[in-house]
Amino acid sequence: MPVVGLVVHGAALVLVVTRRKDEAIVIGEGIEIRVVRIGRDEVRLGITAPVEVAVHRREVYEEIRRENEAASAILADPRRVNRSSP
Amino acid sequence: MSSTPREESSAIRLSTQFGEFEAAASHIITFPEGLPGFERCLRFVVLRHAGPSPLVCLHAVDGPTASFLAIDPRRVLRRYQCAVSDAVRLRLGAGPNAFLLWLTIITIANDDELFVNLRAPVVINPDRLLGLQVMPHDALYPLHYRLELDALARTGTDGA
């Protein structure tokens, strides 16, 4: 696997590699990401991971994170509790 | 707002917006991944109102303060499809016929309106005391669904 770049980002390493169709990378134990199809502006990836490992699309995760943070602020504001208490 | 875990006793004392509670170990649900935005909150309890309200409070036992109002999505939308993938079922340690508890989180509370996140429900397996927030990428339900408070009152558990 040709390593194109290796950057230290906080406590993590950022690894940049070139992969062709049907090539894969392996992360730790039991996680594999394979390039299934390459389009003009997108790639299709096949992800193999142990069942206990959650795999999310970044933008979906971020969207839900923002919702949860807003949701926890409802009860964090004591003026609102009387209106919306269970 | 802080919860005070006590190692020496099986019950955990909680200080919440709704008062002080003792949560028995048998009521504490582990979320192995926490919730998005609250990844360090790994244990929660579900606080229920003694009265007719269908709203519950999902309250973090440890980690940063996290407390959510939530409701069964079927109380919001009668035909809400409560289906989980095989992967989610496995992660919850739930068999094909296991009873699962479903909660959707109330994300916006304006003066007279409440909105729930129907897209990413929390699913709990009460048998194994395991929970997680489902994040489907094929969005079947809206992120902000307006709660019909009148309809909710009509379906109150004791009709009150």
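Each reported figure results from applying straightforward, stated rules to the coordinates on display, with no laboratory input. All values derive from a computational prediction rather than experimental measurement. Because the Cβ atoms are built from the backbone with ideal geometry, glycine has one as well, and the counts that use them run over all protein chains shown.
Per the Debye formula on identical point scatterers at the alpha carbon atoms of the stretch A:20-80, with no solvent, log10 I(q)/I(0) at q = 0.14, 0.20 Å⁻¹ is -0.61, -0.87.
Could you list A:ILE74, A:ILE47 so that the one with the fewest beta carbons within 10 Å of its beta carbon is first and the one with the most is last?
Numbers: A:ILE74 21, A:ILE47 13.
With the fewest neighbours first, A:ILE74, A:ILE47 line up as A:ILE47, A:ILE74.
Averaging over all projection directions, find the projected area of the Cα convex hull of chain B and quote it in nm² with one decimal place. Walk me through the numbers before you get to the answer.
Numbers: hull surface 40.0 nm².
Directional mean of the projected Cα hull area for chain B stands at 10.0 nm².
Value of Rg to Rh for the protein assembly as shown, rounded to two decimals, is 1.02; Kirkwood radius and Rg both from alpha-carbon coordinates. Shielding by partners for peptide A:58-67, expressed as the average number of C-beta atoms from other protein chains within 10 Å of each residue's C-beta, is 6.
Of the GluC sites (Glu not before Pro) in the stretch B:1-97, which ones lie in a loop per DSSP and count no more than 10 other C-beta atoms within 10 Å?
Details: sites: B:GLU7, B:GLU8, B:GLU20, B:GLU22, B:GLU33, B:GLU39; in loops: B:GLU7, B:GLU8, B:GLU33, B:GLU39.
When the GluC sites (Glu not before Pro) of the stretch B:1-97 are filtered for loop state and at most 10 Cβ neighbours within 10 Å, B:GLU7, B:GLU8 remain.
Could you please report the charge total around A:ARG34, scoring K, R as +1 and D, E as -1 over all other residues with beta-carbon less than 12 angstrom from its beta-carbon? So the surrounding residues net to +2. Taking other Cβ atoms within 10 Å as a rough exposure proxy, B:PHE31, B:PHE18 sort from fewest to most as B:PHE18, B:PHE31.
Based on DSSP loop calls and a cut-off of at most 11 other Cβ atoms within 10 Å, the longest stretch of chain B free of exposed trypsin sites (Lys or Arg not before Pro) is what?
Numbers: sites that count: B:ARG6, B:ARG40, B:ARG78, B:ARG79.
Longest run free of exposed loop sites: B:80-160.
Listing A:THR48, A:THR18, B:THR104 from fewest to most neighbouring C-beta atoms within 10 Å gives A:THR18, A:THR48, B:THR104.
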